[in-house]
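The values are calculated or read from the model by the stated rules, or taken from the named source; none is laboratory data. Everything numeric here is computed off the predicted structure, so don't read it as measured data. Cβ: placed from backbone, ideal geometry, glycine included. Neighbour counts: every protein chain shown. Accessible surface areas use protein heavy atoms only, side chains included; no ligands, DNA or RNA. Shrake-Rupley method; radii C 1.70, N 1.55, O 1.52, S 1.80 Å.
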Amino acid sequence: MAEESTEMEIQSATEPESLPAKPIFKPLKAHEMSDGRVQFRKVSVPPNRYSPLEKAWLDIYPPVYHQMKVDIRMNRGSRKVELKTLADTPDVSYLHPRSHARVDELYVESFEIKDVKTPKGEHLSRAIGRLSGKGGKTKFAIENSTKTRIVIADTRIHILGAFSNIKIARDSLSSLIMGSPAGKVYSKLRAASARLAERF
C-alpha cells in the first residue's frame, strides 16, 4: 500500500498543473493613453527646406495620414508642420520621430578660424563669407553631405555630428578658410561622402 502511495506522489509531481489562461491586452490607442485628449505637435521647418517640402508635400501627406493615422498640415503663416493624433492613431510616438531614430554617438567640435589661418581685416570677413556661401548654400551643402550641423558664431565654428563625419566637415571648412574655391571643396566632399557611405 505504501508503494502505491509513493507511486501516486511521483506521478502527481511530474504532471504539470494547468495554469490560468494568459490575459491578452490590446495595445492602447493614442487617445486612450492621454485620457481622450488629442496629442498635438508643431515642427519648425528651416528656411532652406521649406521649398523642397512644398514640392514633396503631395508625396508626404498620404502615407502619414492613411498609414500612420496622424493628421498633418502645413501652416504657411508660421512655416511649421502641425501633427495631430486621430481617434484611431495606433501609436502616440508617431508624433515624436526622434523616438524611432537610431543616432550614433554625437560629438561637438569647436575651433577658431585663427586655428587654421590668421586672416585680418577684410580677409577675415571674406573667410567667414566663404564658409557660409551665398545664402548659406556652402554651409548647407557641407551639413547635408556629412550629416552634421554647423554653427558659425563670428570667428568660432561648432560642428555637431558623428566623429568621422565631423572630420570631413572640418577638413572642408578648413579648405575654405585657406582660400580654396567652393567648387573644389564640393568635389572633395562628394568623394569623401561616397567613401563614408560605403563603410555603412
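A few points about this structure:
- Residue that is least open to solvent (accessible area, probe 1.4 Å) [pool: residues in the stretch 40-65 that are out of contact with any helix residue (DSSP H, G or I) (no Cβ under 7 Å at 6 or more places or on another chain) and in a strand (DSSP E or B)]: V43
- In the stretch 46-72, the residues that are farther than 30 Å from K139 by Cβ form Cβ pairs under 6 Å with partners that are open to solvent by less than 50 Å² (accessible area, probe 1.4 Å) and part of a helix (DSSP H, G or I), at six or more places apart or across chains, as follows: V70/V64.
- Qualifying residue in the stretch 75-98 (condition: open to solvent by less than 60 Å² (accessible area, probe 1.4 Å), at pLDDT 85 or above and assigned to a loop (DSSP other than H, G, I, E, B)): yes
- Condition check for I113: open to solvent by less than 50 Å² (accessible area, probe 1.4 Å), touching a residue at least 12 places away in the same chain (Cβ under 8 Å) and over 25 Å from A194 (Cβ atoms): yes
- Selection within the stretch 134-167 - open to solvent by 20 Å² or more (accessible area, probe 1.4 Å) and closer than 20 Å to K184 by Cα: K134, G135, K137, K139, F140, A141, N144, S145, K147, K167
- Counting only helices (runs of 4 or more DSSP H) that sit completely within the stretch 126-200, those holding 2 or more residues that are β-branched (V, I, T) and within 18 Å of the chain's Cα centre (by Cα) correspond to 137-146.
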